[in-house]
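To start, the structure under review is shown below, and the notes come after it.
Every read-out reported here was derived from the displayed coordinates using simple, explicitly stated rules and does not represent laboratory data. The shown structure was predicted, so the numbers you read here are calculated from the model rather than taken from an experiment. Quick reminder, even Gly has a Cβ in these numbers, built from the backbone with ideal geometry, and neighbours come from all protein chains shown.
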Amino acid sequence: MDKCISCGVCVRACSQQAIYSAIDFQYRGIKTLIAPALDKGIEDSTCVFCGQCVQLCPTGALTENSVHGISRPSRSRVVKTICSYCGVGCELNIHVDELTGKIWNVTTDYDSATSMNNGRCCVKGRFGWSFVHSEDRLRKPLIKENGVFREASWDEALDLVAKKFTGLRDTSGPDSLAFFTSARCTNEENYLLQRFAREVMGTNNVDHCAHL
């Protein structure tokens with residue numbers, strides 16, 4: 001906290017915008033500092049690690065672990081997008097290193113006229129972006145043959161899924177199928193899936209991962 005000037009921006013962000021009041025001014029006089037109540041660790045406070053205090057800190061006393069000790073890219077551009085973690089649709093600013101094409105930070109815009117989250121964001125939207133560049137991320141459909149996965153085209157994969165679906169429905173009945181959709185889809189995509197399940201496949205076995 002050597003850079004902290006006790007301006008209180010992080011305190012107001014936590015109490016008035018995030019509405020968690022996880023941190024506040026502690027002690028008095030020259031011993032004043034900003035910390036969780038009762039000298040508890042941040043993990044034992046009401047903090048949900050949304051990162052609003054980090055983004056608004058004017059001195060760099062609070063920084064993201066993902067960029068700590070790393071210099072800013074010499075050429076960076078901001079791409080506005082919608083968070084993919086749930087159906088709320090929070091607007092995010094993706095900071096992309098133009099030399100490598102990789103994301104190096106995610107922030108929000110408190111003054112955006114198109115934002116429905118008004119600059120607020122949860123911990124997953126702000127910090128959970130490392131999967132984008134993961135080497136384990138699937139980029140093509142995979143079909144399992146003789147216990148081994150092989151890459152396939154989208155047409156081949158979708159044809160196989162359609163064949164399996166209709167085969168199960170015709171041999172074991174519609175209720176032998178169940179459809180599980182995701183909070184990471186849009187509301188419209190979830191609506192289409194339940195219509196497909198009910199009207200095309202003839203089953204009401206539809207569920208949703210309402211927990212992330």
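Charges on Cβ only, +1 for Lys and Arg, -1 for Asp and Glu, centred on the Cα centroid of the chain; of M116, N187, I30, which one is farthest towards the dipole's positive end?
The listed residue farthest towards the positive side: I30.
Just want to confirm a number: the relative contact order over the stretch 94-212, from Cα pairs under 8 angstrom separated by 6+ residues, in percent.
Value for the stretch 94-212: 13 percent.
Can you give the three extents of the C-alpha atoms in the stretch 142-209 along their principal axes, from longest to shortest, in whole Å?
Principal axes ranked by extent give 33, 31, 19 Å for the Cα atoms.
How high is the relative contact order of the chain, in percent, counting Cα pairs under 8 Å that sit 6 or more residues apart?
13
With charges set only on the Cβ (+1 for Lys and Arg, -1 for Asp and Glu), what does the dipole of the stretch 67-133 come to about its Cα centre, in debye to the nearest 20?
140
Is the C-alpha gyration tensor of the stretch 63-179 telling us rounded, prolate or oblate? Criteria: a/c under 1.5 is rounded; beyond that, a/b larger than b/c is prolate, otherwise oblate.
prolate
Please state the shape class of the stretch 67-133: rounded when a/c is under 1.5, otherwise prolate if a/b exceeds b/c and oblate if not, all from the C-alpha gyration tensor.
prolate
Counting other C-beta atoms within 10 Å, which of R126, R77 has the fewest, and how do the rest follow?
Sorted ascending by nearby Cβ count, the order is R77, R126.
Could you pull out the GluC sites (Glu not before Pro) across the stretch 79-159 that fall in loop regions by DSSP (anything but H, G, I, E, B) with no more than 11 other Cβ atoms inside 10 Å?
Counting only loop positions with at most 11 other Cβ atoms within 10 Å, the GluC sites (Glu not before Pro) in the stretch 79-159 are E98, E135.
Identify all aspartates and glutamates with a Cα-Cα distance to K40 below 18 Å; exclude those on the same chain that are fewer than 8 residues away in sequence.
D24
Listing D44, D155 from the residue with the fewest other Cβ atoms within 10 Å to the one with the most, what is the order?
Lowest count first: D155, D44.
Is any residue of the stretch 167-189 close enough, with backbone N under 15 Å, to a label point placed 7 angstrom from the Cα of A152 along the Cα-Cβ axis, and if so, which?
Backbone N within reach: 167-168.
Taking every eigenvalue of the Cα gyration tensor of the stretch 9-63, multiplying by 5 and rooting it, what semi-axes result, largest first, whole Å?
Semi-axes (√(5λ), whole Å): 17, 14, 10.
Could you list, bin by bin from short to long, the percent of Cα-Cα pairs of the chain in 10 Å steps?
Per 10 Å bin, starting at 0, the Cα pair percentages come out as 7, 22, 26, 20, 14, 8, 2, 0.
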